[in-house]
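Here's the structure we're looking at; comments come further down.
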Amino acid sequence: MGATFALDEDRLEGLRLLVESAAGITSRDGDLKKVRALRFTRPGIDRTRWAEIAAMGWLGLRLPEEAGGIGLGMAEYAALAVEVGAALLPEPLIEAELALDLMGKNAPAEAIAGDLLVLPAWQDGPEGLTVAGRITEAGGRISATRAFVPMAEAADAFLIAGPDACFLVDGKAPGLRVTSEDTLDGGHTGMLTLDNVEAKRLPAPDPKAFEAAALATAAALFGIMERAFAITLDYLKTRVQFGQPIGSFQALQHRAVDLEIEICLTRAALRDAVAAMDAGEDCRRIVSRAKARAADAAMLIARQAIQLHGAIGYTDEADIGLFLRRAMVLAPRYGNAAFHRKRYRSLTEGRP
């Protein structure tokens, strides 16, 4: 998948090496025992694996070298996100990358090294990519509320984003309260209440960072659908009924072809959005197209995959169900399909 984002031979080789390196941490061919072991636990992540992720240089992937990163582009980030999605990685890589992107040159070295997990808190309602307001600031302290923080109980620190500034706060700071509730995939989402909490003021958030997070989430959804489809094809080839593999039945073959078409269309939308972002274009419209398509296609393919598995697909013991649950959590993140279709339409009006 990653190779489809490459723009030249050097970058193609770099993408190939990045995807190969990811296999040691997020193998799409491995079992999901570790994923299952972390479901509905707190903090819900594997700190040893997080250290391995940092050691691979994944954190700060898009940060320039002078800021402590490695200065790669969206193509590399998206290729990595595909593998993260396919492996159902519970660690909040995209969220940590967003926090680092927002902090830029002000990002702590400990966060890039993986010793400090900083998660962004920027929403107070499900308004797509709208950054919440209502931050009271006085004397180096802030008061605010923020909702929908993925894997909040794993954070060492939070980056509270407002329209005019970001604020870095310690995860154990007096006056900070974190409450959480389970999500369908076995993770959790947190609500932050900050009451006169000491904070470090940073520059205003860069809207492009949210576009990158939305596109990376679309890529993760692509990884989910790609692996769910592969698992289902294997099942159709091995499940025997009436003396022959069920994959030989023409009706099921037609359904599989329809799903593969959805995968191909999503791949094309992602490729175009990644190219536009790496070219420095105003990519909002094309990011919305990719995110809306990825969200809808992932839900369709994951649901169909469960149906094609028959009754066993509906049991919690069947791994295929884990892909639907993760798709249901990621599909609305950074704007659901309806939000992005509406934004696409508004940005398309008046264009030739």
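The values are calculated or read from the model by the stated rules, or taken from the named source; none is laboratory data. Just so we're clear, the structure is a prediction, and the values are computed from it rather than from any experiment. Counting neighbours? That spans all protein chains shown, and the Cβs are built from the backbone with ideal geometry, glycine included.
Out of the residues in the range 231-250 that are closer than 16 Å to I301 by Cβ and not aliphatic (A, V, I, L, M), which is surrounded by the most Cβ atoms within 10 Å (Cβ to Cβ)?
Out of the qualifying residues, it is T232.
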query = Scanning the range 161-175 for residues that are among the aliphatic types (A, V, I, L, M) and over 19 Å from G125 (Cα atoms), which turns out surrounded by the fewest Cβ atoms within 10 Å (Cβ to Cβ)?
reply = A173
query = Hey, any hits in the range 45-65 for a residue that's β-branched (V, I, T) and over 26 Å from F323 (Cβ atoms)?
reply = no
key: Any pair with Cβ under 7 angstrom, 6 or more apart, that starts in the range 99-120 at a residue that is assigned to a loop (DSSP other than H, G, I, E, B) and ends at one that is of a type in the set (F, W, Y)   = G114/W50; L117/W50
task = Output the residues belonging to the range 125-141 that are more than 25 Å from C283 (Cα to Cα) and touching a Ser or Thr at 6+ places or on another chain (Cβ under 9 Å).
result = R134, I135, T136, E137
Selection count where residues are part of a helix (DSSP H, G or I) and either in contact with a strand residue (DSSP E or B) (Cβ under 7 Å, 6 or more places away or on another chain) or free of Cβ contacts under 8 Å to residues at least 40 places away in the same chain (or both), scope the range 36-62 = 4
query = What is the residue count in the range 233-275 for residues that are among the charged types (D, E, K, R) and farther than 15 Å from A305 by Cβ?
reply = 3
request  = Considering (1) modelled with pLDDT of 95 or more; (2) over 19 Å from I94 (Cβ atoms); (3) of a type in the set (K, R), say which one R11 fails and leave the rest.
outcome  = (1)
message = For the structure I just gave you, tell me whether D185 is among the acidic types (D, E), modelled with pLDDT of 95 or more and buried (at least 19 other Cβ atoms within 10 Å of the Cβ).
response = yes
remark   = Per the list (1) surrounded by fewer than 22 Cβ atoms within 10 Å (Cβ to Cβ); (2) outside the structural domain of V287 (by TED's automatic domain parsing), residue check on A144 breaks on (1)
ask   = So which residues in the range 63-91 are of a type outside the set (A, V, I, L, M), part of a loop (DSSP other than H, G, I, E, B) and over 15 Å from the mean Cα position of the chain (by Cα), if there are any at all?
value = P64, G68, G69, G71, G73
query = Looking at R16, is it in contact (Cβ under 8 Å) with a residue 60 or more places away in the chain, over 20 Å from the mean Cα position of the chain (by Cα), surrounded by fewer than 23 Cβ atoms within 10 Å (Cβ to Cβ) and not in a loop (DSSP other than H, G, I, E, B)?
reply = no
